[in-house]
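The values are calculated or read from the model by the stated rules, or taken from the named source; none is laboratory data. Keep in mind it's a predicted model, so treat the numbers as computed, not measured. Note that we place each Cβ from the backbone using ideal geometry, even for glycine, and neighbour counts take in every protein chain shown.
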Amino acid sequence: MLNPKITLEQWRAFIAVIESGGYAQAAETVFKTQSSVSYAVQKIEQLLDLRLFEKQGRRSVLTPAGHALYLRAKNLLERADALEQGAASLRENWDPELRLAVDIIFPTWALLHSLNRFSTERPLTRVQLYETVLGGTDEALYERAVDLAVSTAIPQGFSGDPLIRLRFIAAAHPNHPLHQLDRPLTLDDLREHRHLVIRDNAIKHTRESGAWMGAEQRWTVSQKATQIAAACRGMGFAWFPEHAIATELKEGSLKPLPMREGAERFGQLYLIFADPDFPSQSAVRMAEILREDLELLCKEAAREA
């Protein structure tokens with residue numbers, strides 16, 4: 001453990017000597033006199049009873065002990081700086097935690113990009129992410145378990161704004177019997193085959209998905225990844241968010257079903273504050289980041305189209 005009697009300023013001076021290449025340069029970096037920097041390094045050596053530098057000709061170089069302490073001292077200062085930044089955030093009324101519910105049809109990679117932006121700005125704000133399905137998002141809002149939600153519908157008693165419109169396509173493995181019919185498919189064709197659906201994860205506030213549920217055979221799973229993996233193994237068909245199966249479509253493990261009608265569907269996602277009158281600063285900033293990122297992504301998609 002680093003000696004608690006050594007101040008952060010002394011460690012800062014020690015690091016500056018190494019990184020700037022000498023005592024004179026370090027003095028300019030830390031805005032101290034050269035004698036102050038030299039004294040700080042000597043004080044560390046005295047308190048630790050270690051030599052941090054040794055002479056090699058006219059140059060002073062780090063001893064092995066000095067190099068080891070340099071790495072640990074640098075980590076210590078980075079942690080101290082992060083602590084100060086976090087304290088500043090709290091002074092600005094930033095909450096120590098952001099609670100966010102996001103329906104699983106939202107693009108995961110886009111969500112992680114936005115969360116990374118948020119965490120870069122507010123590194124000490126903890127994030128509680130709830131990946132929800134249908135009524136699970138409603139339930140999180142009703143029970144005030146979250147500050148912000150991205151949902152496929154606006155539950156009664158709340159207001160929200162449109163965030164993104166997603167395209168869904170019917171797909172199955174290329175060797176699935178539906179593809180072997182070699183003609184445009186109807187909903188009656190689908191009734192004879194297994195439909196893969198994702199379970200509403202609400203306990204009390206379940207709601208209808210609005211999706212087609214006409215197949216006699218149905219597997220209900222809890223995760224988007226399970227649904228996709230089962231379809232890639234020829235175990236059934238489903239309507240998938242197009243972005244979620246982009247890789248599988250490109251690799252050929254899934255293929256769009258040649259539906260006569262209903263091959264594609266669209267779903268709207270909404271951004272909803274649990275308390276729109278008094279939202280937390282963390283929730284407000286996360287909502288801004290989500291909107292900014294999605295606007296940029298839509299512009300990029302339009303340019304590529």
Is there any pair linking a residue in the range 54-79 that is farther than 15 Å from E19 by Cα and assigned by TED's automatic domain parsing to the domain that holds V41 to one that is modelled with pLDDT of 85 or more and among the hydrophobic types (A, V, I, L, M, F, W, C), with Cβ under 6 Å and at least six apart or on different chains, and which?
A65/L50
Looking at (1) surrounded by 15 or more Cβ atoms within 10 Å (Cβ to Cβ); (2) outside the structural domain of S151 (by TED's automatic domain parsing), which one does E261 not meet, given that it meets all the others?
(1)
Please determine, by comparing only the residues of the range 65-87 that are touching a Lys or Arg at 6+ places or on another chain (Cβ under 9 Å) and under 19 Å from E9 (Cβ atoms), which one is modelled with the lowest pLDDT.
Q85
If you scan the range 25-64, which residues turn out to be basic (K, R) and modelled with pLDDT of 85 or more?
K32, K43, R51
From (1) surrounded by fewer than 19 Cβ atoms within 10 Å (Cβ to Cβ); (2) under 29 Å from the mean Cα position of the chain (by Cα), pick out the condition that doesn't hold for P177.
(2)
Scanning the range 205-225 residue by residue, the ones that are within 27 Å of the chain's Cα centre (by Cα) and either of a type in the set (F, W, Y) or modelled with pLDDT of 95 or more (or both) total 0
F118 being part of a loop (DSSP other than H, G, I, E, B) and in the same structural domain as D293 (by TED's automatic domain parsing)
no
Among the candidates L76, L98, single out the residue that is in contact with a helix residue (DSSP H, G or I) (Cβ under 7 Å, 6 or more places away or on another chain), more than 30 Å from T220 (Cβ to Cβ) and part of a helix (DSSP H, G or I).
L76
Tell me the residue from A101, A110, A26 that is buried (at least 18 other Cβ atoms within 10 Å of the Cβ) and within 22 Å of the chain's Cα centre (by Cα), please.
A101
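State all residues of the range 43-53 that are part of a helix (DSSP H, G or I) and either touching a residue at least 24 places away in the same chain (Cβ under 8 Å) or within 15 Å of I18 (Cβ to Cβ) (or both); if no residue qualifies, say none.
If we filter the range 43-53 for residues that are part of a helix (DSSP H, G or I), which is where we start, we get 43-48.
Listed by number, the residues that qualify are K43, I44, E45, L47, L48.
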Give me the pairs, please: first residue somewhere in the range 177-204 and farther than 13 Å from G236 by Cβ, second residue anywhere and of a type in the set (F, W, Y) and assigned to a helix (DSSP H, G or I), beta-carbon distance under 9 Å, and either six or more positions apart or on two chains.
K204/Y142
Residue in the range 131-168 that is surrounded by the most Cβ atoms within 10 Å (Cβ to Cβ), counting only those that are on the phi > 0 side of the Ramachandran plot and under 22 Å from the mean Cα position of the chain (by Cα)
L134
Which condition breaks for P279 when tested against (1) modelled with pLDDT of 90 or more; (2) closer than 26 Å to V146 by Cα; (3) surrounded by 13 or more Cβ atoms within 10 Å (Cβ to Cβ)?
(1)
